[in-house]
Amino acid sequence: MSLRTLFALVLRESRGARARLGFLVACLAIGVAAVTAVAALVDGIRASLSADARGLLAADVAIESRRPLPAELFESLARQTGVSTARVTELSAMASAGDAARLVELKAPEALYPFYGEFVTLPAGLRPGALAEDEVIASPELLAGLGVDVGDSLALGGHEYRVVARLEAEPDRVDFALTLGPRLFLSPAGLERAQLVQFGSRVQHRVLVDLPGEPDPRALEGFVGALREAVPDGRSLTFKTAADPTPGLTRTLRRIEDFLGLVALLSLLLGGAGVAQIVRLWMESRTPAVAVLRAIGMRPREVALVYFVNLIALAVAGCVLGATVGACVPKAAAYLMPELVPQGLDFPWAAVVRGMILGLATAAGFALAPLTAVWRVPPARVLRAEATPLPTPTSVRWISLIALFAVVLGAAATQNASLRVASAFTVGVFVLAGLLAGGARLCALLAGRLPRGRFGPTLRHGLAALARPNSGTSGAAVALGAGVLVVVAMGLIATKLRSEFLADIPPDAPSVFLVDVQFSQSEDVRRLLTEHGARGIDRTAVVMARLSAVGGVPVSTMLADARGRARWVLTREQRLTFAEELPPSNRLADALAPEGPDAGMDAGTDSLWRLAGVAEVSLESGFAEELGVGVGDRISFDVQGVPLELVVSTLRDVDWATFRINFFVVVEPGALEGAPGWELVAARVEAGDEDALQNDLARAHPNVSVLRLRPLLEKVSAIVERVVLAVQALGGAVAFTGVAILAVAAFATAARRAREAALLKALGVTSGGVARLLAVEHALVGFLAGALGGAGAWVLAYGFLGFVLDLPGLPALWVVPAAAIAGTGLALVAGAAATAKARRVPPLVSLRG
Amino acid sequence: MNDRTSVATTLLLARGLVKRLASGERELTVLDGVDLEIQTGETVAILGPSGSGKSTLLGLLAGLDRPSAGDVVIDGVSLAGLDEDGLALLRRRLVGFVFQSFQLLANLTARENVLLPLELTGVRDAERRTDELLGAVGLSERAHHYPAQLSGGEQQRVALARAFAPRPRLLFADEPTGNLDGATGERVLDLMSELQRQHGTALVVVTHDLEVAGRADRRIHLRDGRVVSIELGRSPLHASESRAIVPKGATSESATSESTL
């Protein structure tokens, strides 16, 4: 068959395709829109980040550490020609004015800051590095919070500073990062004047580097690599380059893309199930034509190709509509959530192409199996309508199945960077579909075995329809059930997430944390807390240290192979504490057998320390797993220049949800004696007393940072609310697709229904009676799909929450009957709409056959 | 029906055709050892009561269906050795059909229905030939109408044009006048005869209609899946001109009774 003939046939077959086109558009457009929207949003945010990558870093390269940066680094930088540097120091501190105090994020850059990006103030033209030592630039939120204006004064570290300008824009601060407080700029001299940087304080040291010319990512990597090698301990420094100025955000975006991408894909795959139903219906209605085509000499694959190309042409319409809608979502999101989505994004061509390709691939993959019906149509059907169907060749069956699997796997791999996750998703989708189909088949079997004689004629007919072979029940139940499953599972997961993150602080949990309390300030801070009615005051000493060796292997060696989180675990500044006993909300997971005075004790004892004459350490079990150590192994810390080797004697499981102070690393008392550190204090303060406590602390101990849990939780809640909103929007898309598919499934049997309705009327059943018979059948299918989908969703949500998100607990069981009722309702509505025409068929039709 | 001036050669040879079909839990023998030979340009009518296996035999001879035993050879090609694709290509090349229920493609206009087999075989002057055939069957004015817009007789004439379009060497007709009134049926038969004569096509027609059967060179009578008699000669309305042959295994009574059908 020539290409011209093929297209001529395709064109002719497309006549009368309006109904098919409507369903295909409904099924595909929503899924394609979801896929496109997620990709467009993430691409848009990513593009806006990379468009001004240098601005986001304010430099070509930034080198960061929680410790003062080594002198060798600056020497190495100074040796390179054309390189400019600017040091930036950041820390949290309390600022106050009158009775008001706020935790602020201080930033003290040198004069050349920023190398790139816009630093905008009002009045304009001020640069933080050039400020006098008693001048500051404050963000609008801080000015509002303290009730001061430009020209007024505020106190910082017990010293007065004059606000000389309002901060309008800061290049290297990403708005949607979770920050502890508003920004306050001052000069390095001004920071020194405040005397807030003390030994052991939590300070972020950074040096910004401007390289000559326009270095490309490769040149940046080369520069960073050389610098790492040149500086002792260079591997423990954090390097950021303009090639990826916000690696944390990049990772977060990747995760969001991975997760929401798969949810969007579910919607598209459901659409694919709808396409399969449409093609099945189409092939049923075209069986006589297929028989004629085969009789006059068309090979089955030629006939299938005509229908396949036709379907793809129709699918393009659905994909174009879906991709257009999806491409508009970032614009709407930028309008609705300006703080999350940047304005003025380019048209998301890449996302549109992705949506179109995935949409068309899904349509193609799902269409192949029902298209194999062409092989079953016997050409002899032109002579006898009841001619025995031919077998589908095994190769054709396998090709259609493999193609479907490949499409789902390929789509999942496109939507998720991890092939492992994509494979698990694909297998999960097939297993779920199989379970739903199996469940539907089982129910049909049971319906067939029921003694139907006991029931009235209406219910009897409905049950008979459910049990009838090739009734299409299982297809409809799988499609609707899958829709219900996805919607209910996402609803359950979103509800649980919301209840977890939006929950108020537990009644016995602390509500404020005081950071950087110097040991000398400890007693006075305690007095202030007590005066403000604080309860449950919990003080813990913190010593900052860095891992130097694990199991005798130096961290500098281990870093050569470490990437991502593994690198972070090895290089982060560790907070060490010491304790005699197992802290509350901790449980021993593993322990060495006791030695020394405790020898002979039961190994199950809660004693934290087990060995005599050896400095011990207790690790949180997840942290130990990341380090790859167990009890009996040795790890070494560099405690601000002093080496400390410890034996891991116990591993602990920590219940982090209690909001209590907990540590990954707890050291045996004595081992850290004399080490410089500070106290972390937690206490429960009533909401009404928090402001007054914060103000008093800011005045008396300006170096102490007050972290209030309530506003932090509110910030987290706002973010979680948005994520839940996005998930629910996608869930809605999935639900809509499910209903569209249901209508398709109902329409699929409309022609048969019409013949049956005519026959029933000829036998004396009234129009109302016919409507009731059909309604019972639809209701039974809907109930079955809803119940199966609801039960599946319950199991899925239970597994996902408990084992993936580590949020144990049984989801609400009422969702199963609720889903069954909702499924019944949906099926009744869609079924009534789909069979409206069939119910009006006059009884005479039955006589004409 | 044809002038038979050319040297007759065997176009179709069927040997020992058996067809069994599942009927509930039982197996029904629909055809039971039918042998048949069809010459180029010959017209053969297959007659018999309902359920005698006429349409089944037609399906097997045309390669639409496969026998449970036996074989059909068309133009020297054994159908048993062909897969579904091979059968399709053979039908495309050599065989045409006319059905009782017309079997036109509802989505295609009359002209497109006729054009289709020509497009499949890749005929160069397909459009011209289509228009000529539509003219020959008197439907030039109705070429762009859909089947639903045509009368039964018109639909059958479109079906005739489609069947003859690729110039098949064998045409199978299944009750071609079964759905038509007498006058229309007569006209369709005349057309079919004319086209068959022009193209030198062998015609195998399954019919109940004595008028149709009377135009055949041979009339093969089936009963219970077996050939019970074969009549030679052209007009069954003039029984004296016809000669009954009783095939091996058939009774003379059955042959006589069938021959008078």
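Within the stretch A:390-423, if we keep just the residues that are free of Cβ contacts under 8 Å to residues at least 12 places away in the same chain and among the β-branched types (Val, Ile, Thr), the residue that is farthest from the other protein chains (Cβ to nearest Cβ) turns out to be A:402. Restricting attention to the stretch A:129-141, which residues are modelled with pLDDT under 90, within 16 Å of residue A:191 (Cβ to Cβ) and touching a strand residue (DSSP E or B) at 6+ places or on another chain (Cβ under 7 Å)? Once the filter is applied, which keeps residues that are modelled with pLDDT under 90, within 16 Å of residue A:191 (Cβ to Cβ) and touching a strand residue (DSSP E or B) at 6+ places or on another chain (Cβ under 7 Å), the stretch A:129-141 yields only A:129. Here's a check for you: in the stretch A:365-389, which residue that is at the interface with another protein chain (Cβ under 8 Å from one of its Cβ atoms) and in contact with a Pro (Cβ under 7 Å, 6 or more places away or on another chain) is surrounded by the most Cβ atoms within 10 Å (Cβ to Cβ)? Among them, the one singled out is A:378.
Does residue B:86 count as on the phi > 0 side of the Ramachandran plot and either modelled with pLDDT under 90 or within 8 Å of chain A (Cβ to nearest Cβ) (or both)?
When the stated conditions are applied, residue B:86 does not pass them.
Does residue A:164 qualify as being modelled with pLDDT of 90 or more and surrounded by 15 or more Cβ atoms within 10 Å (Cβ to Cβ)? So residue A:164 fits the description; yes. Taking the conditions (1) farther than 26 Å from residue B:225 by Cβ; (2) among the polar types (S, T, N, Q); (3) more than 10 Å from chain A (Cβ to nearest Cβ) in turn, residue B:52 satisfies each one other than (1). Residue pairs whose Cβ atoms lie under 9 Å apart, separated by 6 or more positions or on different chains, with the first residue in the stretch B:99-111 and at negative phi and facing chain A (nearest Cβ under 8 Å) and the second polar (S, T, N, Q) and part of a loop (DSSP other than H, G, I, E, B), are B:107/A:14. The single condition among (1) in contact with a strand residue (DSSP E or B) (Cβ under 9 Å, 6 or more places away or on another chain); (2) under 30 Å from residue A:557 (Cβ atoms); (3) assigned to a helix (DSSP H, G or I) that residue A:215 does not meet is (3). Every condition in (1) free of Cβ contacts under 8 Å to residues at least 12 places away in the same chain; (2) part of a strand (DSSP E or B) holds for residue B:71 except the one numbered (1).
So, residue A:69, is that one touching a residue at least 12 places away in the same chain (Cβ under 8 Å) and touching a Lys or Arg at 6+ places or on another chain (Cβ under 9 Å) or not? Yes, satisfied. If you check B:36, B:61, B:79 for being more than 25 Å from residue B:193 (Cα to Cα) and either away from every other protein chain (no Cβ under 13 Å) or modelled with pLDDT of 90 or more (or both), only one passes: B:79.
Is it the case that the stretch A:417-426 has a residue that's modelled with pLDDT under 85 and closer than 30 Å to residue B:51 by Cβ? Looking through the stretch A:417-426, none of the residues is modelled with pLDDT under 85 and closer than 30 Å to residue B:51 by Cβ.
Residue-wise test of (1) surrounded by fewer than 19 Cβ atoms within 10 Å (Cβ to Cβ); (2) within 14 Å of chain B (Cβ to nearest Cβ).
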| site | (1), (2) |
| --- | --- |
| A:6 | yes, yes |
| A:49 | no, no |
| A:58 | no, no |
| A:61 | no, no |
| A:67 | yes, no |
| A:75 | yes, no |
| A:91 | no, no |
| A:101 | no, no |
| A:114 | no, no |
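Among residues of the stretch A:286-313 that are at negative phi and within 11 Å of another protein chain (Cβ to nearest Cβ), those with a beta-carbon under 7 Å from a residue that is of a type in the set (Gly, Ala, Ser) and part of a helix (DSSP H, G or I) at least six positions away or on a different chain give the pairs A:294/B:88; A:298/B:88; A:299/B:88.
Just one residue in the set B:186, B:175, B:119 is more than 11 Å from every other protein chain (Cβ to nearest Cβ) and among the charged types (D, E, K, R); that residue is B:186.
The residues in the stretch A:376-426 that are farther than 30 Å from residue A:34 by Cα, touching a Gly at 6+ places or on another chain (Cβ under 7 Å) and assigned to a helix (DSSP H, G or I) can be counted, and the count is 1. For residue A:618, the test of being touching an Asp or Glu at 6+ places or on another chain (Cβ under 7 Å) and surrounded by 20 or more Cβ atoms within 10 Å (Cβ to Cβ) is failed.
Is the stretch A:602-613 home to any residue that is out of contact with any Ser or Thr (no Cβ under 8 Å at 6 or more places or on another chain), at pLDDT below 80, within 24 Å of residue A:661 (Cβ to Cβ) and not polar (S, T, N, Q)? Within the stretch A:602-613, one or more residues are out of contact with any Ser or Thr (no Cβ under 8 Å at 6 or more places or on another chain), at pLDDT below 80, within 24 Å of residue A:661 (Cβ to Cβ) and not polar (S, T, N, Q).
The values are calculated or read from the model by the stated rules, or taken from the named source; none is laboratory data. Everything numeric here is computed off the predicted structure, so don't read it as measured data. No Cβ is skipped: glycine too gets one built from the backbone with ideal geometry, and neighbour counts run over all protein chains shown.
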